[in-house]
Structure formats: C-alpha cells, structure tokens
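Here the structure comes first, spelled out in structure tokens, and everything after it is commentary.
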C-alpha cells in the first residue's frame, strides 16, 4: 500500500508504559499486584462478584487524535487516578504526580513508542465523586506519529 497511515493506539501504549514504570518507580507504595491500569475502571469478574477491588487504579482515556499533517497527530488523553480514600487523599495525590511524571517522560525514539512530544498537561485536579477512593484527574495533549499500514 502506498502512503496509508494508521493512528497509534494511545491507550494501549500509555497503559503499558504506566504499568511498567509504576512497578519500577513506586515499589512498595503502589505494588503492581494490587493495582489496575487500564482504559476502563475495574469491575469484579462475573464469576467472582465478591472479588477484592484493587488498592489503586489508573484509567487512561483516548479522546481522539486531530491530524496535524499526514503522519503527525495531536492526541487528547484523559487520565484518572484512584487510590486511598476521601479521608486519606495522600495516596491518590502521590499516584497522580507519579503518573504525570511518567507520561511527561514518554517522548523518546524507540520501537513501538508513538509519542513524539508532550504538547500540554493540565492537572491533576481533585474530583468530587461518591467513591471508596480519592480521585485525581488530568488531561494532556501528545504529539503522536502514525505508522504505515
């Protein structure tokens, strides 16, 4: 095929990056075995509705890519961090700061990495929600490179 380009799967890349880097950077505070990094909130499996929820969660949402040119796009991303509790917001604040640092460090040239630059970042902001977790929300805009089909 001549010239067809496929937008990158930003959610897939960022969830993998965040999962890997949290395990390497946070150690005992946010153990991978007790966390959930995905493009959706954790829900108990149908076969085990009483399953223990994760201690922390990071949810990455791809808000779409605006084409800048044929191979470069501006990807909007929303990220929710859930940890601690409303009476103990410290873990959510630390998790959100860690995730922000991880995402800001993603631009680099390596196979499978579509992120060329972080264009802007907003947050993390507290979110008032009736939840067992404390919640922080942030958005960013990433310059991403498309791949040939």
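The table below lists the values:
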quantity: Residue in region 66-75 that is nearest to the chain's Cα centre (by Cα), counting only those that are surrounded by fewer than 19 Cβ atoms within 10 Å (Cβ to Cβ) and in a strand (DSSP E or B); calculated: 74
quantity: Given (1) touching a helix residue (DSSP H, G or I) at 6+ places or on another chain (Cβ under 9 Å); (2) under 18 Å from residue 38 (Cβ atoms); (3) surrounded by 19 or more Cβ atoms within 10 Å (Cβ to Cβ), index of the condition residue 61 fails; calculated: (3)
quantity: Residue match in region 81-99 (condition: surrounded by 17 or more Cβ atoms within 10 Å (Cβ to Cβ), touching a strand residue (DSSP E or B) at 6+ places or on another chain (Cβ under 7 Å) and over 21 Å from residue 29 (Cα atoms)); calculated: no
quantity: Hey, residue 55 touching a residue at least 24 places away in the same chain (Cβ under 8 Å) and farther than 19 Å from residue 139 by Cβ or not; calculated: yes
quantity: Among (1) in a helix (DSSP H, G or I); (2) under 16 Å from the mean Cα position of the chain (by Cα); (3) free of Cβ contacts under 8 Å to residues at least 60 places away in the same chain - the single one residue 33 does not satisfy; calculated: (2)
quantity: Any chance residue 54 is surrounded by 13 or more Cβ atoms within 10 Å (Cβ to Cβ) and either within 16 Å of the chain's Cα centre (by Cα) or at pLDDT 95 or above (or both); calculated: yes
quantity: Criterion: touching a residue at least 60 places away in the same chain (Cβ under 8 Å) and within 14 Å of the chain's Cα centre (by Cα) - qualifying residue of 112, 78; calculated: 78
quantity: The listed residue being over 14 Å from residue 17 (Cα atoms), assigned to a helix (DSSP H, G or I) and at pLDDT 95 or above, out of 93, 102; calculated: 93
quantity: Answer residue from region 10-29, given it is in contact (Cβ under 8 Å) with a residue 12 or more places away in the chain and in a loop (DSSP other than H, G, I, E, B) and is farthest from residue 71 (Cα to Cα) among those; calculated: 29
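The values are calculated or read from the model by the stated rules, or taken from the named source; none is laboratory data. Just so you know, these numbers come straight off a predicted model, no measurement behind them. All Cβ positions, glycine included, derive from the backbone under ideal geometry; neighbour counts span all protein chains shown.
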